[in-house]
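Chemist: Below you will find the structure I want to go over with you.
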Amino acid sequence: MQKESNKGSNLALIATMGALHEGHVSLIKRGQKECSQVIVSIYVNPTQFENSNDLINYPKSIDDDIDILNSLNIDFLFIPNKELMYPNGLVSKVFDLNGIDEKLEGAMRPGHFQGVATVVDRLFELTQPDKAYFGLKDFQQVQIIKKLSLIKGGTPEIIACKIIREDSGLAMSSRNSRLNVKELKAAASIFKALKFAEKEVKVFPTPPAALIREMKSIINSTGHIKVEEITFAFSDNLDVINDPDFPLDHYNKKVHCFISAYAGDVRLIDNHFIC
Ligand code: AMP
C-alpha cells in the first residue's frame with residue numbers, strides 16, 4: 001500500500017499480549033497516523049506474570065486478533081516464540097529503573113516490571129522501531145518504558161496514549177473477557193469511584209483516608225468486585241501519598257489515583273488524574 005510521504009519513513013511498534021480490543025486499536029491507529037509503517041507484536045510474556053494461574057488463564061483469541069489487524073491494514077504482525085524472545089532462558093534481566101519498578105503495582109507484583117522491561121527491551125531489539133505506543137491504562141508501565149528507552153539512548157520515542165473505556169466507564173482490558181455479566185456491570189464501579197474522588201477533591205479539601213473509605217464502599221458494595229488497593233500518588237514520580245489526613249489539592253503537585261480490584265480471580269486495574 002502507498003503511504004503518505006509527509007510521515008517520512010519511520011516504524012511504529014505496538015506491543016500487545018493479544019486478545020485485542022478497542023484500547024489496542026487506538027494505539028495502532030495513532031501509530032498509523034504518525035508513522036509510515038506499523039508493526040504489532042503479540043506475545044504473552046511469562047516473566048511479567050508473578051501468578052502462574054493468571055498466565056495460564058490469560059485470554060487468547062489469535063484468529064479474531066488477525067481479523068482485527070487485517071481490517072486495520074497494518075504493515076507487519078510479529079508473533080515471536082519463547083526461543084526467539086528468551087534465547088538464554090526464561091528469566092528477566094535486571095534494569096536500573098530508578099526504583100519506579102518497586103512502587104505501587106511493583107510493590108504488589110514483585111518482579112513484574114523487570115519482566116515487562118525485559119520483554120519490551122527484546123521487542124525493541126528485534127523490531128527496531130522509531131516510536132513505540134503504550135497505553136496510560138498501565139500508567140506506571142509507561143514510566144518504566146520511558147526509563148528503559150532513556151537507558152537505551154532515547155530510542156524509540158515512547159508515546160503515551162489515553163485510556164479507552166467502555167460506555168460504562170470500565171477501562172477496556174483483555175481480562176474483561178473473563179468477567180461474567182454481573183461482574184462486568186459491577187466493574188464499572190471502579191471508574192465511578194475514581195470519578196467520585198476527582199469530583200470530591202474539586203469541591204472540598206479532601207484527604208485520602210476519607211476518599212479511600214468512600215471509594216471502597218462504592219466498589220465493594222456491588223458485591224461482585226473487591227478492592228485490593230486504592231492508592232494516591234504523585235503523577236510525576238509515583239511516590240505514594242502516605243499522609244491520610246492532608247488534603248490532596250494542598251500538594252503543589254499533580255496527583256493520580258490507582259486502583260486494583262478483583263472480580264473473582266480476575267485482577268483489574270485502573271487509574272485517573274485527580275488534581
Ligand atoms: P496488553 O495487551 O494488555 O499488554 O496491552 C498492550 C498495550 O495496550 C499496552 O500499552 C496497554 O497499556 C495498552 N492498553 C490496554 N488497554 C488499554 C486501554 N483500555 N486503553 C488504552 N490502552 C490500552
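Chemist: Being in contact with a Ser or Thr (Cβ under 6 Å, 6 or more places away or on another chain) and either in the same structural domain as Leu248 (by TED's automatic domain parsing) or closer than 22 Å to Asn10 by Cβ (or both) narrows it down to one residue among Ile158, Ile212, Ile145; which is it? Reasoning before the result, please.
Modeler: Values: Ile212 fails: in contact with a Ser or Thr (Cβ under 6 Å, 6 or more places away or on another chain); Ile145 fails: in contact with a Ser or Thr (Cβ under 6 Å, 6 or more places away or on another chain).
Exactly one residue qualifies, and that residue is Ile158.
Chemist: Within the group Gly135, Gly99, which residue is outside the structural domain of Asn242 (by TED's automatic domain parsing) and at positive phi? Outline the logic, then answer.
Modeler: Values: Gly135 fails: at positive phi.
Of the residues listed, the single one that is outside the structural domain of Asn242 (by TED's automatic domain parsing) and at positive phi is Gly99.
Chemist: While we're here: Which ones in the range 151-197 are in contact (Cβ under 8 Å) with a residue 24 or more places away in the chain and at positive phi?
Modeler: Of everything in the range 151-197, just one residue is in contact (Cβ under 8 Å) with a residue 24 or more places away in the chain and at positive phi, namely Gly169.
Chemist: Now a separate question. Could you list all residues from the range 157-181 that are more than 13 Å from the ligand (Cβ to nearest atom) and in contact with a helix residue (DSSP H, G or I) (Cβ under 8 Å, 6 or more places away or on another chain)?
Modeler: Listed by number, the residues that qualify are Glu157, Leu179.
Chemist: Something else now. (1) in contact (Cβ under 8 Å) with a residue 40 or more places away in the chain; (2) of a type outside the set (D, E, K, R); (3) more than 15 Å from the ligand (Cβ to nearest atom): which one isn't true of Ile56, the others all being true?
Modeler: Status for Ile56: all satisfied but (1).
Chemist: Tell me which residues, restricted to the range 215-263, are surrounded by 19 or more Cβ atoms within 10 Å (Cβ to Cβ) and of a type in the set (Gly, Ala, Ser).
Modeler: Answer for the range 215-263, where residues must be surrounded by 19 or more Cβ atoms within 10 Å (Cβ to Cβ) and of a type in the set (Gly, Ala, Ser): Ala233, Ser260, Ala261, Ala263.
Chemist: Identify the residue in the range 31-47 that is under 18 Å from Leu123 (Cβ atoms) and surrounded by fewer than 22 Cβ atoms within 10 Å (Cβ to Cβ) and, among all such residues, is farthest from the chain's Cα centre (by Cα).
Modeler: Taking the range 31-47 as the starting set, the residues that turn out to be under 18 Å from Leu123 (Cβ atoms) are 31, 35, 37-47.
Okay, now just the ones that are also surrounded by fewer than 22 Cβ atoms within 10 Å (Cβ to Cβ), so 37, 42-44, 46-47.
On the way: Gln37: 23, Ile42: 15, Tyr43: 15, Val44: 14, Pro46: 16, Thr47: 16 Å.
Applying the filter and picking the extreme gives Gln37.
Yes or no, residue by residue, for (1) outside any helix (DSSP H, G or I); (2) modelled with pLDDT of 95 or more; (3) more than 25 Å from Glu102 (Cβ to Cβ):
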| residue | (1), (2), (3) |
| --- | --- |
| Ser168 | yes, yes, yes |
| Phe191 | no, yes, yes |
| Glu200 | no, yes, yes |
| Ala209 | no, yes, no |
| Lys216 | no, yes, no |
| Thr231 | yes, yes, no |
| Tyr262 | yes, yes, no |
| Asn271 | yes, yes, no |
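The values are calculated or read from the model by the stated rules, or taken from the named source; none is laboratory data. Model, not experiment: these values are computed from the prediction. Cβ coordinates were reconstructed from backbone atoms using ideal geometry, including for glycine residues, and neighbour counts include every protein chain displayed.
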